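Shown next, in structure tokens, is the structure this report addresses.
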Amino acid sequence: MNTTDVTPQNTRVTNAMGAEDSSVRLQTTLAVGSNPDPVFLEMLVERCAVEPDFFVRDMLSWALTRLPPEIALPRIRQELDSERNQARSQALHTLSKIGDKSTWVWITRDMLRDADDEVARTAWRVAVVLVPEDEEKALADELVLQLGRGDRNVQLSLSRALADLGDVIKPALERAAESSDPAVAAHARATELLRQNPETGFDAALDEAKRVVALGPERAAAAAASAGTETSETAEPAETTEPMEAAKAAEASEGADC
């Protein structure tokens, strides 16, 4: 914040933004966003880089969206080159909230491949939001290079981003599903399952995909069919004995009542 902009009110807001209580920081950010003033731009951007609470960070991004884009966007762009991981991640998140398609050109391959998982996950999401239609295939080809990366949450984020691209992702996923890397192949197959049926749980889709990769499509299908037959056969006696047991219990109950 420029020294010429420092007023008693601004000092109070700055102090409240750094309060120990996260609810105070949240309410302060809400107040700033409800009465947008460019004088708070620098403070909001700087706070994004260090704010530890997720909900406050999200409110900070919202407050930035309330400022005129021609003022906010150039400052947010600067944060994309920050050495601080959270600054880059939150700047990307804010771009997704603003949704200005012209900022698509700011999303670089380095961001999509960032070594920090949170930065990369946010870059994937914002790229899908901002990508022009004629760039979707190139984005799909780039994103599949990250298949198999990270833990469950990272892989889920990538699968969702890929699925949101729609049918354009199918050829790239098919190629990746044939990868010699089992983690890549399983992640690709799980993503395709999610794309075809968004109601499918990610864990179930990934387990199924790993089974197919381990056994091969034909053996996996045969194993599934065999398991279905065995389940059906073992279920039949239960269907016949359960009514018999119920009948005996009813008879005993009737005898006790007499």
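The values are calculated or read from the model by the stated rules, or taken from the named source; none is laboratory data. What you are looking at is a predicted structure, and each value in this text was computed from that prediction instead of being measured. Virtual Cβ from ideal backbone geometry, glycine too; neighbours counted across all protein chains shown. With ligands, DNA and RNA removed, areas are computed over all heavy atoms of the protein, side chains included. Shrake-Rupley method; radii C 1.70, N 1.55, O 1.52, S 1.80 Å.
Structural remarks
- Looking only at residues of segment 81-102 that are out of contact with any Ser or Thr (no Cβ under 8 Å at 6 or more places or on another chain) and of a type outside the set (D, E, K, R), we find that the one that is nearest to Asp114 (Cα to Cα) is Asn85.
- If the condition is being in contact with a helix residue (DSSP H, G or I) (Cβ under 8 Å, 6 or more places away or on another chain) and of a type in the set (Asp, Glu), then segment 105-149 contributes Asp114, Asp116, Asp117, Glu118, Glu135, Glu136, Asp141, Glu142.
- Taken over segment 27-37, the residue count meeting the criterion of being open to solvent by 50 Å² or more (accessible area, probe 1.4 Å) and either among the aliphatic types (A, V, I, L, M) or closer than 19 Å to Gln90 by Cβ (or both) is 3.
- Thr108 vs. criteria within 30 Å of Val154 (Cα to Cα), open to solvent by less than 50 Å² (accessible area, probe 1.4 Å) and among the β-branched types (Val, Ile, Thr): no
- Test result for Arg88, open to solvent by less than 50 Å² (accessible area, probe 1.4 Å) and at pLDDT 95 or above: yes
A quick yes/no check of all residues on (1) open to solvent by less than 70 Å² (accessible area, probe 1.4 Å); (2) closer than 27 Å to Gln155 by Cα; (3) in a loop (DSSP other than H, G, I, E, B):
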| site | (1), (2), (3) |
| --- | --- |
| Ala19 | yes, no, yes |
| Ser23 | yes, no, no |
| Leu67 | yes, no, yes |
| Glu70 | no, no, no |
| Arg75 | yes, no, no |
| Glu83 | no, yes, yes |
